[in-house]
Each structure stands twice: as C-alpha cells, then as structure tokens.
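The structure under discussion appears below in the form of structure tokens.
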Amino acid sequence: MKARIKKSTPARTARCDDPPPDELLHGIEQFNRGEFFEQHETLEAIWITEPDGVRYLYQGILQVGVGFYHWQRGNWRGAVAKFGQGLIKLEPYRPQCMGIDVERLVREIGELRDELQALGPEHLPAFPPPRLPQVHRIIEQA
C-alpha cells in the first residue's frame, strides 16, 4: 500500500537540523555536475515519499534543476517558470537547511531568473551561463 502524503505548503521544519540523506546528497552531486535530467529522477524519488515538509526543499532543488534542463533545450518559458516555482519552494528554508546553503542558491537563482526575464525569450543566452549556480553545503566547524 502506497503511503498517503498530506499536501501542505512549504514551511521550515525541525528536520532542517538533520543531516542530509544520502539520496539528497547524490541528487545535489548530479545537479552540480549538470546532470539535470538525472537529478530530477533522484530527487523526485525522495520528494514523493518524504512525509515531512522538508520534502519541499528537495522539490525546490529539483525544480531549479529542471529549469536548467529547459534552458539547455532552448525553452525560455520553461526555464523561467521552473526557476520561479523552485524559488517559492526554497524560500522557507533560508538561510540553510540540512547543511545546504539555501540562501546562496535562492539569491543566485533569483538573479538569474530576473536576468532571463529581462532578456526575454528572443534573447535566451547560450547554456551554460558563465557562472552556473550550484548547490553548496555549509560545513559546520567543530
């Protein structure tokens, strides 16, 4: 029997203090290597089964990666839309969650989305941009 996941809105949870699960780290590694289709598959598998609200952190990263996938394929509308959806999901997890620098990711993707919107679909820059945002981890000092 499939677990029923209660739909909710993104909100910071106590799970943000937990270490990131291995599957999340794997999806982030794929994201940072530019493997946007693969990161989607990896993060979707944990997003759909996670009962806690931290699932929206996973989904937000996934959606940003899908935005890059659309950009690679020349789909301005898809890139801008997915960046926006990802930003909405990530916002509550600022400044960090599960050791991930959400603040930096939100800032960099927000700036990139604003730039793409200003350029418009007729002027979509070549992919990848000079400074392709990545998902960074915050390493706590002991």
Compute the semi-axes of the equivalent ellipsoid of segment 21-123, taking the square root of 5 times each eigenvalue of the Cα gyration tensor, and list them largest first in whole Å. 22, 15, 11
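If each DSSP helix of 4+ residues adds -39,500 (n - 2.57) and the sum is divided by the residues in the chain, what number results at 222 nm, nearest 500 deg cm²/dmol?
Numbers: 5 runs with 74 residues, N = 142.
Helices in the chain give a 222 nm mean residue ellipticity of -17000 deg cm²/dmol.
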Taking springs between alpha-carbon atoms closer than 10 angstrom, which of Pro20, Pro130, Pro121 fluctuates most in the Gaussian network model of the chain? Pro130
How large is ³J(HN,Hα), in whole Hz, for each residue of segment 111-116 in order, when computed from phi with the Karplus curve 6.51 cos²θ - 1.76 cosθ + 1.60 and θ = phi - 60°, using x for Gly and Pro? 4, 5, 4, 4, 5, 5
Along segment 25-32, Karplus-curve 3J(HN,Hα) (6.51, -1.76, 1.60; θ = phi - 60°) to the nearest Hz, with x for Gly and Pro, reads 4, 5, x, 5, 4, 5, 3, 5
Amide proton proximity set for Ile100, modelled H, under 5 Å, gap of 5+: Ile138
Stretchable slack from Ala11 to Arg33, in nm (0.36 nm times residue separation minus alpha-carbon distance): 5.1 nm
Kindly state, to the nearest 0.05, the FRET efficiency for Asp52 paired with Asp114, given R0 = 25 Å and r defined as their beta-carbon distance. 0.20
Each label point is 7 Å from the Cα along the Cα-to-Cβ direction; what then is the distance between the points at Asp22 and Arg94, in nm? 3.4
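A short reminder: the numbers here are calculations on the coordinates, not readings from a lab. These figures come from a predicted structure and were not determined experimentally. A quick note on method: Cβ atoms are made from the backbone with ideal geometry, for glycine too, and the neighbour counts reach across all protein chains shown.
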